[in-house]
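Novice: Okay, handing you the structure first.
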Amino acid sequence: MTSGAPAFAPGPAGSGSGSGTGSARAGDGFAGPAAAAPRSRRPAALGCIRLAALLLALGCLAGTLWEGLDDRGIALAFGVLVGIGEWARWTGAEVREAAPLGAAGGLAYALLGADAGAATHDGAFQVVTVVCAASLLGNVPHIADGRRPTLDHLTRRVLTVGFAAVCFQPLYSRGALEHWSGPAYALLLVALLVLTALCDAVLAAAQAHARTGWPFGPLLRDELRGLLGIGSAVCATGAVMALAVAVVGLWALPVFCLPLLLTQLSLRRYAAVRATYRQTIASLARATEIAGYTPAGHARRVATLSRAVGRDLGLSGAELTVLEYAALMHDIGQLSLVDPVPAGATAGLPAAEQRRIALLGGAVVRQTGVAAAVAVVVERQADPYREQPVAARIVRAVNAYEEKARDSGPGGPLTALEELRLATAGDYAPEVVEALARVLSGDCLTLRAAG
């Protein structure tokens, strides 16, 4: 189960912070009716998803009140499990599944058919109601802190658990699964969990697309890839808990929660290491600013805008990470220069000098132990664009845009973008420049003027 966050890395570097390039929102020059319509539809799509979850929750609550609460001990046990899982939800960084224990508990309850050999009669209405109430209670601290992703997180939890419960509970209560036993029954649960995971991935991608406007296809691809990680652990734990409770009772819950808790702890440590790694790269990137080779915040702004352009072009999560790191370190080769380039503006240098600085930068990056893919992007950013990888094309175009727009006054962004368009015949990739124009004209990014 996934959370719709960007893959493998925190959000864009320094988004919206520090100094920037004048008003990089070129909406007054590039966003016509064709660009305005998708932006108006995105909030409506997100609202429809939330409305569907609200209607489902209210309908299930009404059904539960009408039919009454069955198997109260089981409902309480799973409610406590889901509530604790949501309370312990990870909020320190963007992750694929912020509350794996809550997700596994909710899925296990949706697929529960027996307790220690005795058939249960919870039903889909009760399952959704209990999971929704427990999730709300567990998220009270997060809601009080004003964490915005909480609403979308709860929306997906209600819809995915509702999907699993509606698929399983009516079949079980009508006796359609009486002749399913042993491996066949286990495979049925796994199949339902796979379908639920796919449903969750589609919802996560749709929510992310509605919030950011990034292409839906690459977002869905990243979500599906994420299912192979923590998503598979959540699905497996949900199936095992449902089967174990059916055989040995509710005592199976704490036993089978332990592996998922250990997995979550390991993932937190891994993410902490990656966050430290990224902070180290950001610190190295600031060396050129501290030494006076480049303006303050230049690398951060280029990285932020490059990541947005990469999203628009459909790069995967891993590719976006490489792109962001390369954009942060793209000017590090200037440290080898005896005489600094005025304002660090390398876009106007002769091609041979640009290549020399890029090669020096790639050599520095390799010395730092950063991934070789990052060094390749840095050292090839000055090559002819037809010979460059996509990430190098993006860094080159975005760096040139930022340099051209930096000191050109109120009309700088528009003028810089037009200069890039005029140079697409030989210097900059046309598809990258057009993606840059779309990002600047949309709601994806706002860079503030330098103070």
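The values are calculated or read from the model by the stated rules, or taken from the named source; none is laboratory data. Quick caveat, the model's predicted, so the values are computed rather than measured. Quick reminder, even Gly has a Cβ in these numbers, built from the backbone with ideal geometry, and neighbours come from all protein chains shown. Areas reflect the complete protein model, heavy atoms only, side chains present, ligands, DNA and RNA absent. Shrake-Rupley method; radii C 1.70, N 1.55, O 1.52, S 1.80 Å.
Novice: In this structure, does Leu261 turn out to be hydrophobic (A, V, I, L, M, F, W, C) and assigned to a helix (DSSP H, G or I)? Write out each step before concluding.
Specialist: Numbers: hydrophobic (A, V, I, L, M, F, W, C): yes; assigned to a helix (DSSP H, G or I): yes.
When the stated conditions are applied, Leu261 passes them.
Novice: Here's something else I'd like to know. Quick one: which helices (runs of 4 or more DSSP H) lie wholly within region 76-187 and hold at least 1 residues that are surrounded by fewer than 22 Cβ atoms within 10 Å (Cβ to Cβ) and without any contact (Cβ under 8 Å) to a residue 24 or more places away in the chain? Before the answer, list the steps.
Specialist: Working: elements: 100-110, 123-138, 140-144, 149-173.
By residue number, 123-138, 140-144, 149-173.
Novice: Which of the residues belonging to region 243-253 are in contact with a strand residue (DSSP E or B) (Cβ under 9 Å, 6 or more places away or on another chain) and either open to solvent by less than 20 Å² (accessible area, probe 1.4 Å) or not in a helix (DSSP H, G or I) (or both)? Break it down into steps so the answer makes sense when it comes.
Specialist: Of region 243-253, the ones in contact with a strand residue (DSSP E or B) (Cβ under 9 Å, 6 or more places away or on another chain) are 245-247, 249-250.
Of everything in region 243-253, those that are in contact with a strand residue (DSSP E or B) (Cβ under 9 Å, 6 or more places away or on another chain) and either open to solvent by less than 20 Å² (accessible area, probe 1.4 Å) or not in a helix (DSSP H, G or I) (or both) turn out to be Val245, Gly249, Leu250.
Novice: State yes or no: is Gly226 assigned to a helix (DSSP H, G or I) and under 27 Å from Glu434 (Cβ atoms)?
Specialist: no
Novice: Could you tell me whether any residue of region 211-218 is buried (at least 22 other Cβ atoms within 10 Å of the Cβ), in a helix (DSSP H, G or I), in contact (Cβ under 8 Å) with a residue 40 or more places away in the chain and on the phi < 0 side of the Ramachandran plot?
Specialist: yes
Novice: Just checking, does region 199-214 include any residue being in contact with a helix residue (DSSP H, G or I) (Cβ under 9 Å, 6 or more places away or on another chain) and basic (Lys, Arg)?
Specialist: Just the residues of region 199-214 that are in contact with a helix residue (DSSP H, G or I) (Cβ under 9 Å, 6 or more places away or on another chain), to begin with: 199-214.
This time we only want the ones that are basic (Lys, Arg), so: 211.
Yes, region 199-214 contains at least one residue that is in contact with a helix residue (DSSP H, G or I) (Cβ under 9 Å, 6 or more places away or on another chain) and basic (Lys, Arg).
Novice: Please go through region 254-290 and pick out each residue that is among the aliphatic types (A, V, I, L, M) and surrounded by 12 or more Cβ atoms within 10 Å (Cβ to Cβ).
Specialist: Going through region 254-290, the residues among the aliphatic types (A, V, I, L, M) turn out to be 255, 258, 260-262, 265, 267, 271-273, 275, 281-282, 284-285, 287, 290.
Across region 254-290, the qualifying residues are Val255, Leu260, Leu261, Leu267, Ala271, Ala272, Ala275, Ile281, Ala282, Leu284, Ala285, Ala287.
Novice: Return the residues of region 44-75 that are surrounded by fewer than 14 Cβ atoms within 10 Å (Cβ to Cβ) and either touching a strand residue (DSSP E or B) at 6+ places or on another chain (Cβ under 6 Å) or of a type in the set (Lys, Arg) (or both); say none if nothing qualifies.
Specialist: Arg72
Novice: Report yes if some residue within region 309-317 is surrounded by fewer than 21 Cβ atoms within 10 Å (Cβ to Cβ) and over 27 Å from Glu431 (Cα atoms); otherwise report no.
Specialist: The answer is no; no qualifying residue exists.
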